[in-house]
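Quick notes on the structure that follows.
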Amino acid sequence: MISDRELVARVASSGEQAAFQQLVERHQAAIRGFLGRLLAGDHATADDLAQESFLMAYRKVHTLKSSGKFVSWLHTIAYRQFLQHTRKHARLQVMAEPPDEGHDPGQAVDAQILTQRLMRYVSDEERACLTLAYAAGMSHPEISDITDLPLGTVKSHIQRGKQKLQNWLQTHDHSIPEKPSKPGARPAMEARRA
């Protein structure tokens with residue numbers, strides 16, 4: 001398998017479309033998923049922004065530093081496309097209505113839909129940092145580079161976002177344990193109640 005770096009070099013030197021097509025095929029699911037999470041499940045807009053991100057990457061591939069990782073650079077472009085979209089469409093707000101009070105996410109709602117709904121409860125910056133950390137598996141320094149936020153701010157956004165999500169889950173009786181428990185062990189909150 002040809003590395004991203006080698007494909008980028010081909011595209012940068014000769015504009016080889018076949019090489020860029022391989023990069024798109026390799027990374028489109030991750031970028032579409034990232035944008036879909038940032039947009040709290042608006043997949044049509046996520047697809048549009050992903051397409052714009054790849055077009056921008058193709059046009060600007062010559063600006064990628066040889067020491068840089070293509071996937072991080074691509075996430076940076078996608079994140080900036082998202083920010084630009086939210087500024088243009090501020091009146092529409094990405095944050096949609098919260099679920100009804102009587103809505104029980106544990107019934108008939110799969111994990112992906114619940115995650116998308118929960119992500120509406122955090123700010124755009126928290127959502128971006130959480131998505132990059134947990135869905136894309138990126139390190140805090142990589143997230144800092146992509147979002148252009150200081151490292152401490154990235155860590156704060158992740159911590160605050162996790163706390164907001166956990167508070168929502170606990171308030172709506174869907175608590176999650178502080179630490180993963182051993183198979184058969186009761187979560188800490190349940191053990192205290194017993």
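The values are calculated or read from the model by the stated rules, or taken from the named source; none is laboratory data. Not measured: the values here are computed from a predicted model. Note: ideal-geometry Cβ built from the backbone for every residue, glycine included; neighbour counts use all protein chains shown. The area values use the complete protein model at the heavy-atom level, side chains included, leaving out ligands, DNA and RNA. Shrake-Rupley method; radii C 1.70, N 1.55, O 1.52, S 1.80 Å.
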Considering only residues that are open to solvent by less than 50 Å² (accessible area, probe 1.4 Å) and in contact with a Lys or Arg (Cβ under 8 Å, 6 or more places away or on another chain), look in the range 24-46 and name the one that is nearest to Tyr79 (Cα to Cα). Leu38
Which pairs turn up if I take residues in the range 126-148 that are more than 18 Å from Gln163 (Cβ to Cβ) and look for partners that are among the charged types (D, E, K, R) and not in a helix (DSSP H, G or I) with beta carbon separation below 9 Å, at least 6 apart in sequence or on another chain? Glu142/Lys69
Mind checking which residues of the range 114-161 are closer than 24 Å to Trp73 by Cβ, in contact with a Pro (Cβ under 7 Å, 6 or more places away or on another chain) and buried (at least 17 other Cβ atoms within 10 Å of the Cβ)? Ser144
Residue count, the range 52-78, condition of a type in the set (A, V, I, L, M) and either open to solvent by less than 20 Å² (accessible area, probe 1.4 Å) or under 17 Å from the mean Cα position of the chain (by Cα) (or both), comes to 6
Taking interchain pairs and intrachain pairs at least six residues apart, which have beta carbon atoms under 6 angstrom, with the first residue in the range 29-43 and part of a helix (DSSP H, G or I) and the second charged (D, E, K, R)? Leu38/Arg127
